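Values quoted throughout were computed directly from the atomic coordinates according to the rules given, and no laboratory measurement underlies them. Worth saying up front: this structure is predicted, and the values here are computed from it rather than measured. For neighbour counting, all protein chains shown are included, and Cβ atoms are generated from backbone atoms with ideal geometry for every residue, glycine included.
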Amino acid sequence: MLKMTCAKTASFKNSAVAVLVGLGGKVGAQGLLLDQKTGGAIKRALKTFSAFKGEAGQTLTLLSPVKGGPALIVLVGAGEPSKASALAYEKAGGEAYAALVKEKVGDGVGVFLIDAMKGAGVSEEEIAAHIGFGAQLRAYHFDKYHTKKKDHAAKLKTLTLVVKNEAEAKRRLAEKMKIVAGVTLARDLVSEPANALDPAAMMQAAVALKELGVEVVVLDKAQMEKLGMGALLGVAQGSEKPPFLVAMSWKGDGAAKDKRPLAFVGKGVTFDTGGLSLKPGAGMGAMKYDMAGAAAVIGTMKAFALRKAKANVVGVVGLVENMPSGHAMRPGDVVKSASGQTIEVLNTDAEGRLVLADALWYAQHQYKPRVLIDLATLTGAIKVALGESYAGLFSNDDAMALQLLAAGVETGELLWRMPLHDSFDKMLNSPIADSQNISDAPLAGSCTAAHFLKRFVNKGTPWAHLDIAGMAWQKKGASLCPAGASGFGVRLLDRFVTETSET
Ligand code: BES
Ligand code: MN
Ligand code: ZN
């Protein structure tokens, strides 16, 4: 974690100072003062380096010309002030962090002058919180297995946000840090290698939320057998690692009967070899992140508990490892899910949907949710369609789909709606069971996967499926996320719940 504080003033001596610049080179009051103190360095730079226009997320680093003052000045674009959204400031914060951490300056002290430019629709305290949020998300590192310390912590030890109403900014920033904590947990879980994070370890990460007031129920293999979860258990049976199903309840909106919860269901395959339908070796290592749906659900529950969300939410995760062995499921095996439906397993690598079939059943059977949303790294096909830019959204409910799309735009966790259609459903009819787990034709792989899940959603339940296979791991990284585990889904679901259930 980056150490961050808010203050009314800060010393610039030997520090790196970030200054917000609106589109067209607009600078606020604190920025103008610094410009004067540095003999007009900022204004001259804006004239000289004309590629820097103050667009949201642009940065420009200058050597400050005055001795005894700041060592570096980092100009940070905020975009057109009247149009700048929360996300624009968050991205500015993220890019500012990236620029500040590049050079080691003095004692590693960073200062961010928070000015609301003329026409801004957001208060300075809000801007401070957005910038701090973005900086902290970008500052994420997963260093625990490096035996030699990385130097980012020495390069930027602290960041002070300078803002008039320091108390209000602090309060807002502290609220945001609760969401950061949820995102960080999700990223940590996804980053962990599968030898460290098996189903039991992931179950424990969920159980740890008890400390925050989350009710946690753990089903082990015997209990799942009793419930008839032959689909999830079929996947688990090839592995030495025992499977778990975990339900986490947050009751922030009281226990009244009419307050049915929202349910989030996550795919938690801690490693996906494909099983006997073995994946090719190249790239198989990436399959440690096949539990990212479950990680997002656990991270979201943590954020809800920390910020005491005024909503009733249950998170259900199915935790298994998909391995080939003498005990493994064979292609062609028929399993029976807890819903009673039978499934012909034509491909053991289409395992996520088997895990989710039983997890979805459990969430509905046990909690009668008013909204059901699953998150899963379900198909390689969604990466082909949408790359690392959008998660696929499938839903039987137009209103909910629109709310999710909007939450995606606001948080930058983008969704693209994909189609459900009877023709996809038909492709899943099996000659010997109720369903087969893949279609015979290699067509519309993400759509048939979604339809497979839909067969386990009760009629009348508003449901959405988010295929996050392309989003959970970002090869390049972005303004709010270094390369690697993104924690995709935490900010999205948090926003969705705030806007649909807490107002
Ligand atoms: N976990 C994979 C999907 C995946 C692929 C996630 C790439 C992240 C990156 C899933 O279990 C899987 O193997 N799906 C198969 C389905 C196929 C057998 C119908 C796929 O996408 O190839
Ligand atoms: Mn698979
Ligand atoms: Zn998988």
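Would you please state which residues of the stretch 4-40 a label at residue 50 would reach in this model, taking the label point 7 Å out along Cα→Cβ and a backbone N cut-off of under 16 Å? Only 24-25 pass the distance filter.
Counted by neighbouring Cβ atoms within 10 Å, the residues 151, 35 run from fewest to most as 151, 35. The modelled label-to-label distance between residue 475 and residue 141, using points 7 Å beyond Cα along the C-beta direction, is 2.5 nm.
With the cut-off at under 19 Å, measuring from each backbone N in the stretch 69-108 to a point 7 Å along the Cα-to-Cβ line of residue 389 picks out 88. Taking the longest Cα principal axis of the chain as reference, the axis of helix 166-191 is set at about 40 degrees. Taking the longest Cα principal axis of the chain as reference, the axis of helix 398-411 is set at about 40 degrees. Note on residue 226 and residue 370: with the Förster distance fixed at 22 Å, the Cβ-Cβ geometry gives a FRET efficiency of about 0.20.
Spatially, the stretch 189-232 and the stretch 340-361 are offset by 18 Å when compared through their Cα centroids. Considering only DSSP beta bridges whose two residues both sit in the chain, what percent are antiparallel, to the nearest 5? If we restrict to bridges inside the chain, about 40 percent are antiparallel. Rounded to the nearest angstrom and listed largest first, the equivalent-ellipsoid semi-axes of the stretch 365-451 from its Cα gyration tensor are 25, 18, 11. One quarter of the surface of the convex hull around the alpha-carbon atoms of the chain equals 24.1 nm², the direction-averaged projected area. The residues 473, 463, when put in order of fewest to most other Cβ atoms within 10 Å, stand as 473, 463. Segment residue 200..residue 167, full-extension length gain: 7.7 nm, with 0.36 nm per residue of separation and the alpha-carbon distance subtracted. Looking at the stretch 3-163, what % of its DSSP beta bridges pair antiparallel, to the nearest 5? Just about 25 percent of them are antiparallel. Between the helical axis of 490-501 and the longest alpha-carbon principal axis of the chain there is an angle of about 80 degrees. The fewest-to-most ranking of 124, 388, 240 by surrounding Cβ atoms within 10 Å reads 240, 388, 124.
Would you please state which residues of the stretch 59-91 a label at residue 157 would reach in this model, taking the label point 7 Å out along Cα→Cβ and a backbone N cut-off of under 16 Å? Counting only backbone N, you get 71.
Less than 5 angstrom separates the built amide H of residue 3 from those of 159, all sequence-distant by 5 or more or on a different chain.
For labels at residue 211 and residue 421 in the simple 7 Å Cα→Cβ model, what's the distance in nm? For residue 211 paired with residue 421, the spin-label model returns 5.0 nm.
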